[in-house]
Each structure stands twice: as C-alpha cells, then as structure tokens.
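Asks: Dumping the structure here so I can ask a few things about it.
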Amino acid sequence: MRLVRFGGAMSLDGFIAGPKGEYDWIVMDPEIDFAGIMSQFDTFLIGRKTFDAMKGMGNAGKSSKGITNIVFSRTLKPSDYPKVRIEADAERVVRELKAKPGKDIAIFGGGELFRSLLAVGLVDRVEMSLIPVLLGGGIPLLPPPAGRAVLKLRSQRLYPKTGTIGLEYDIVRA
C-alpha cells in the first residue's frame, strides 16, 4: 500500500512558515537530494491556503510531468481552475489513492490538511528538516486543536554545512 508522507521544513520553534506565510528562512542544504526525494512521489496533496500561496508565486497548482496535484478545498470552485484537480473530501480521496497502485503520496501543504488527515489515521510518516532558526511566531506544523500522535524514529541526519537536521518518523498506530 502507498504511504502518505508529510514533510517539509520546520523552524526550531515549530513553525512551517512565518507569520505572513514567508519561507525566506528555509536554507537549502546542498547535500539534500531534492530530486531523489521528489522521485518517490506521484501525487501531491495541497491544502487551500498553500494553493493560494502557490498562485501568488505564479504556480497555480498545475501538475508537472509524472506528478498529480490535488488541491483540497470546500470553497474553491473547480470551474474557476479547469487545469487543477480540486476536491472537497480529503478523507475519501486519500483512502481511494492509498488503495491504488503507485508511488507514495506527499502532503505538500499545509498544516491544516496534515492535521485533518492525521486525525483520521491517513498519515503514515512525518519527514521534517529542522532548520536552525527561531521565528517567534507563524504557521505551526500542527495547528490546534489536534490530537496526540505517537511517532517512532526511522532515521536522522545532520547536515553540518547548514546545521539542518533531517528527521523521519513513522506514525505509531494503536
């Protein structure tokens, strides 16, 4: 079965973006093989707020070669974005995707989509790059209210050039 994996960068104080959604604090370590990581996925799950940020950067969530992007929103109209797959029911869609053959599925953003899928037991792994910065506020990794999730460490790696620490955890099911 395909895994649903939530990953990205997080500040030392637990934020995935600054107070205004900024991400200029994320350092790109030259030792991280981003192409290798991305090659493990064929589907990106995107929350509405992340989709809005992507539109602001000139990428309206359109899928790229070998990748299907799915934007989850209860307010966006698919007719307004004919080149983007927009779905309202994340739980149903992700259950269907997990049952089909394919590569792993990435939660590309953001924290609220992660929280909702975690709450219904659909997230299998958390993979974060811990960036050595304190933001003092912003968008949290796991916005409240959220239930407790027990994690089991799979691996960790220090990237000495930037001080970034890569962490991988499996979600422990009861």
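The values are calculated or read from the model by the stated rules, or taken from the named source; none is laboratory data. Please read these numbers as outputs of a predicted model, since none were measured by experiment. Cβ atoms come from the backbone with ideal geometry, glycine included; neighbour counts cover every protein chain shown. These accessible areas exclude ligands, DNA and RNA; they are computed on the full protein's heavy atoms, side chains included. Shrake-Rupley method; radii C 1.70, N 1.55, O 1.52, S 1.80 Å.
Asks: Quick test for you: out of E112, E31, E127, pick the one residue that is touching a Lys or Arg at 6+ places or on another chain (Cβ under 9 Å), over 29 Å from P145 (Cα atoms) and in contact (Cβ under 8 Å) with a residue 12 or more places away in the chain. Before the answer, list the steps.
Replies: Numbers: E112 fails: over 29 Å from P145 (Cα atoms); E127 fails: over 29 Å from P145 (Cα atoms).
Just a single option satisfies the conditions, and that option is E31.
Asks: Scanning the stretch 65-79 for residues that are exposed (fewer than 13 other Cβ atoms within 10 Å of the Cβ) and within 15 Å of E112 (Cβ to Cβ), which turns out nearest to the chain's Cα centre (by Cα)?
Replies: Pass one, the stretch 65-79, residues exposed (fewer than 13 other Cβ atoms within 10 Å of the Cβ): 65-66, 74-75, 77, 79.
Imposing the further condition that a residue be within 15 Å of E112 (Cβ to Cβ) reduces the set to 74-75.
Details: R74: 19, T75: 20 Å.
Across the stretch 65-79, the extreme among qualifying residues is R74.
Asks: Regarding the stretch 121-137, can at least one residue be identified that is surrounded by fewer than 18 Cβ atoms within 10 Å (Cβ to Cβ), under 23 Å from S73 (Cβ atoms) and modelled with pLDDT of 95 or more?
Replies: Yes, the conditions are met somewhere in the stretch 121-137.
Asks: Output yes when any residue across the stretch 144-159 is open to solvent by less than 40 Å² (accessible area, probe 1.4 Å) and in a strand (DSSP E or B), and no when none is.
Replies: Yes: the stretch 144-159 contains one or more residues that are open to solvent by less than 40 Å² (accessible area, probe 1.4 Å) and in a strand (DSSP E or B).
Asks: Cβ contacts < 7 Å: first residue touching a residue at least 12 places away in the same chain (Cβ under 8 Å), restricted to the stretch 135-146; second residue surrounded by 19 or more Cβ atoms within 10 Å (Cβ to Cβ) and assigned to a loop (DSSP other than H, G, I, E, B), any location; separation 6+ or different chain. Result?
Replies: Correct list of pairs: I139/G110.
Asks: Kindly indicate which of P82, P101 is open to solvent by 80 Å² or more (accessible area, probe 1.4 Å), at pLDDT 95 or above and of a type outside the set (A, V, I, L, M).
Replies: Values: P82 fails: at pLDDT 95 or above.
After ruling out the rest, the residue left standing is P101.
Asks: While we're on this one: Could you tell me which numbered condition D89 fails, if it satisfies all but one of (1) modelled with pLDDT of 95 or more; (2) surrounded by 13 or more Cβ atoms within 10 Å (Cβ to Cβ); (3) under 22 Å from D104 (Cα atoms); (4) not basic (K, R)?
Replies: (2) is the only condition that D89 fails.
Asks: Considering only the stretch 45-132, give the helices (runs of 4 or more DSSP H) lying wholly within it that have at least 2 residues that are under 24 Å from G18 (Cβ atoms). First the steps, then the outcome.
Replies: Values: elements: 48-56, 90-99, 111-119.
Answer list for the stretch 45-132: 48-56, 111-119.
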